[in-house]
Amino acid sequence: MRLGFFLGEAFGSMRRNWVMAMAAVITVFISTAILGAVLVTRDNLNQGATSLKNRVMIEVFIRDEATDEEKAALEQRIQSIPEIKKSTYISKEEALERFRKRFGERIVQNLPINPLPASWEIQVNDANQVDAVAAKFFDDPAVDNDPGTHNGVKYARETVRKMLGTINLIGIGMWIATAIFALAAVLLISTTVRLSIFARRREVEIMRLVGATNWFIRWPFVLEGFITGLIGAIVAAGFVWLCNWALSNWLKSSDIDFLNVRVFSMWWQSGSWPAGLLPTLAVLGAVLGALGSMVALRRYLKT
Amino acid sequence: MIVFEDVTKIYDPDVVGLQDFTCHIGKGEFVFLVGASGSGKSTLIKLVLKELVPDSGRILVAGRNLGTLRHSKVPLLRRNIGCVFQDFKLLPNKTVYDNVAYALEVVGEPRRSIRRKVPEILSLVGLNEKTNSYPHEISGGEQQRVSVARAFVNHPPLLLADEPTGNIDPETAVGIMQLLVRINRTGTTVVVATHDRDMVNRMRRRVLQLDVGRLVRDERRGGYDQVAEVEEQEALT
C-alpha cells in the first residue's frame, strides 16, 4: 500500500473541498459531543449511585447478656453469608468512644455504666440484597431484639427501597438516551460522508475507468473519513471534558456538594470504559468516519 | 484484439443497445464506428470496458473472454485499454500533470518512472506548458489532449475513443485525430466512435456502421456513409 500517496490524496481533497470537510468535522463534533455528554452524565450518575449504595449499612446490635457462644455463633454466621462484603465489629468500648467524640466528654463522664451495645456493621455487595441479609439476623439469639420486633437490626429500609428504584429508573433512562444519541450520531455522520462522496461520484467513476482497483479508490476516502472523524471526535471529547471539569468545580464550591457529585477522571480510566471515556469517543468518531466512507462508497464501486 | 460474437444488449425497458452484433477487430487496426445517436456505438465501447455486461453473446478482448472475467480483474482489463471520451472525464481537482500521473499511480508505477513518463507524454501531445494547470483553466481541445495523454501513458495495446472530437472545434479536432493516428502507428489498436463526417471521409479507414444496434456496414477504407461514397465516386468519374 502506498500510504504516502493515499494520505496525500486524502489531505489534498480535504484542502480542496474544505467547506465539505469542515461541515463533516462539525457534524462529527456536535453528534459526538452530545453522545459524550450523555455518557459522562451516565457515568457520573452511576458512580454516585454506587457510592450511595455502598453507604447502605446494616447494624446488628448485640444483647449485653449474650453468651460468648452466642456471640461466636453470630460472628460465624456473618462470615458465612456470601452477600456480605464487609463486616466490622464495634465493641461496647468503641461505641462509647464514638459517642464521646460526637457528644462530648461531659455527657459520658456522667454515665454510671456504658449503656451502648456492641454491634456489627455490615455492608452488602449489592444494595438490592439488604432486605434478605438483614432478615437473617431477626431471630438470632445474640441480637438485641425486643420480643415481636426486630429493632436490634437497623437499616434504612424505606430509604434503600426508594433510592434503588430511582437509581434503576435513571439507569434505564440513560441507556435509552445513550442508544438514541449513538444512533443519531451514526446516522448524522454517515449522511454527511455520503453527501461528500455523492458530490464526488464522477471522480470515482473516472478512477474506475482508468483501471483503479476498488481499494485504490477507497483508501483515500477511508483515510479522509478517518481523519475527519478523529478531528471532530477529539475536539468533542476535549469539549465534554472541559464542561465536566468546570461543572464539577462549580459544584464543589457550591452548597450542593452534599449530593456527592464528583468528576471522575475520564482521561484514562473511568467507570465502565477500560481505556477512558474520552479516548474511546475519539476512536469511535474516527472509526465511524472511516466506516461511513466505506459504506457510502459501496454504491459507486459496484461491478 | 476485439471479437464480438452475436452480442445482444437490451436496456430496460425495451431499448436496443446492440442486436446480434458480430465483428472482429484485429491488432493494430484503426477503426471508425459510425451511426446515428442511439445506434449502439457507446454501448459497444462500454461492453469492451466491461462497464456493461451483454445479455447474450461472447466478447473477447485481447484473447480474454469478458464473460468469465472476474470482477476483481476488471481493473486489470481497463489498465490495458486507454479511454478518451467526449466530455474528457478529467479529475477536476487535479492538475494536468496529476491527471496523467493518476493512470500510472493506479498501476503501481514507481514514483521515479512517473516523473519521467508524464512530461514525456505531455510534450508528445504538446502540453508541456500547461503541466500545472487545472482542467477548468485550459481549453476543450487541450483538455482532450490531456485525456489522450492519460489514455496512452501506459502504452496500452487498445485505445477506445467515444466521440473524442464531439466537443471541440474542427481545427483542434484534426490535431486530436492526428494524435490518435500517431498512437495507432506505435501498434496500438484504435477504435473511434464518431459523428464527424469530414474526418471519416478524409481518413479512409475501416468503418463499422451501426443502425439500432445492428452492424449494417463493415468497409475497409470506407467513408462516413455509403451515400457520400456513391456521390464521391460519381464525382470522380
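Counting only alpha carbon atoms, the long axis of helix A:3-16 and the longest principal axis of chain A meet at about 80°.
Which of the peptides A:64-74, B:29-39 is most tightly packed, and how do the rest follow, judged by the mean count of other Cβ atoms within 10 Å per residue? Numbers along the way, then the final one.
On the way: A:64-74: 13.5, B:29-39: 19.5.
Descending mean neighbour count gives B:29-39, A:64-74.
Over the C-alpha trace of the protein assembly as shown, radius of gyration and Dmax come out as 40.4, 149 angstrom.
Using the Cβ-Cβ distance between A:Arg77 and A:Leu183 with R0 set to 51 Å, the FRET efficiency works out to roughly 0.55. Other protein chain C-beta atoms within 10 Å of residue C-beta, averaged over A:5-13: 2. Using only Cα atoms and rounding to the nearest 10 degrees, what angle (0 to 90) does helix B:226-236 make with the longest principal axis of chain B? Its long axis makes an angle of about 90 degrees. With the charge dipole of the protein assembly as shown set up from +1 on Lys and Arg Cβ and -1 on Asp and Glu Cβ about the Cα centre, the Cα lying farthest toward the positive end among the listed residues B:Leu158, A:Gly229, A:Ala290 is that of B:Leu158. Summarising the strand pairing of the protein assembly as shown, around 65 percent of its internal DSSP beta bridges are antiparallel. For the peptides A:50-60, A:87-97, the ranking by mean Cβ contacts within 10 Å, running from highest to lowest, is A:50-60, A:87-97.
If R0 is taken as 56 Å, the Cβ-Cβ distance between A:Asn249 and B:Ser139 corresponds to a FRET efficiency of 0.30.
Please find, in a Gaussian network model of chain B (springs between Cα atoms separated by less than 10 Å), the residue of B:Asn132, B:Asn154, B:Asn201 whose mean-square fluctuation is greatest. So, out of B:Asn132, B:Asn154, B:Asn201, the one fluctuating most is B:Asn132. With helices as the sole contributors, chain B gives -11000 deg cm²/dmol at 222 nm; each DSSP H run of n ≥ 4 counts as -39500 (n - 2.57), and the sum is divided by every residue. Selection among A:Ile180, A:Leu195, A:Ala135 by position relative to the dipole of the range A:124-203 gives A:Leu195 as farthest towards the positive end (Cβ unit charges, Cα centre).
Please list, in order, the residues from the range A:109-143 whose amide nitrogen is less than 18 Å from a point placed 7 Å along the Cα→Cβ vector of A:Thr50. Only A:123-129 fall inside the zone, counting backbone N under 18 Å. In terms of its C-alpha gyration tensor, the range B:17-172 has an oblate overall shape, because the principal axis ratio a/c (a ≥ b ≥ c, square roots of the eigenvalues) is not below 1.5 and a/b does not outweigh b/c. Length gained on full extension, B:Asp20 to B:Arg197: 61.1 nm, using 0.36 nm per residue less the C-alpha separation. Magnitude of the charge dipole for the range A:55-140, about its Cα centre and with charges confined to Cβ atoms of Lys, Arg (+1) and Asp, Glu (-1), is about 500 debye. Per-residue shielding of B:99-107, expressed as the average number of other chain Cβ atoms within 10 Å of the residue Cβ, stands at 4.
Between the residues B:Asn128, A:Ile170, A:Ala66, the greatest Cα displacement towards the positive end of the dipole of the protein assembly as shown, with unit charges on the Cβ of Lys, Arg, Asp and Glu, is found for B:Asn128.
In the neighborhood of B:Val31, defined by Cβ-to-Cβ distances under 11 Å, what is the net charge if each Lys or Arg adds +1 and each Asp or Glu adds -1? Mind dumping the intermediate values first?
On the way: positive: B:Arg205, B:Arg206, B:Arg220; negative: B:Glu29, B:Asp218, B:Glu219.
Within the 11 Å Cβ shell, the charges total 0.
Take the cross-link list B:Lys46/B:Lys73; B:Lys41/B:Lys94; A:Lys101/A:Lys252; A:Lys154/A:Lys252; A:Lys71/A:Lys92 and give me the ones stretching past 25 Å between alpha-carbons. Too far apart for the 25 Å limit: B:Lys41/B:Lys94; A:Lys101/A:Lys252; A:Lys154/A:Lys252. For every other residue with a beta carbon closer than 15 angstrom to the beta carbon of B:Glu5, add +1 if it is Lys or Arg and -1 if Asp or Glu, then tell me the sum. Taking every other residue near B:Glu5 into account, the sum is 0. Take each residue in B:85-94, count the other chain C-beta atoms within 10 Å of its C-beta, and the mean is 4. Summing Cβ point charges (Lys, Arg +1; Asp, Glu -1) relative to the Cα centre of the protein assembly as shown gives a dipole of roughly 1680 debye. Protection proxy ranking of B:210-217, A:231-238, A:103-110, A:166-173, by the mean of other Cβ atoms within 10 Å over each peptide's residues and highest first, is A:231-238, B:210-217, A:166-173, A:103-110.
The fewest-to-most ranking of A:Ile26, B:Ile176 by surrounding Cβ atoms within 10 Å reads A:Ile26, B:Ile176. Here's how it looks for B:Leu210: its modeled amide H is under 5 Å from those of B:Val34, B:Gly35, B:Val216, which are all 5 or more places away or on a different chain.
Return the calculated 222 nm mean residue ellipticity for chain A, to the nearest 500 deg cm²/dmol, obtained by summing -39500 (n - 2.57) across DSSP H runs with n ≥ 4 and dividing by the residue count.
-22500 deg cm²/dmol
A Cβ-based charge dipole, computed about the Cα centre of chain B with Lys and Arg at +1 and Asp and Glu at -1, lands at about 1420 debye.
Most simply put, chain B has about 50% antiparallel DSSP beta bridges, counting only bridges with both residues inside it.
Between the Cα long axis of helix A:18-54 and the first principal axis of chain A there is an angle of about 10°, rounded to the nearest 10.
A short reminder: the numbers here are calculations on the coordinates, not readings from a lab. In this text the structure is predicted, and so the values were computed from the model without any measurement. Backbone-built Cβ (ideal geometry, glycine too); neighbour counts: all protein chains shown.
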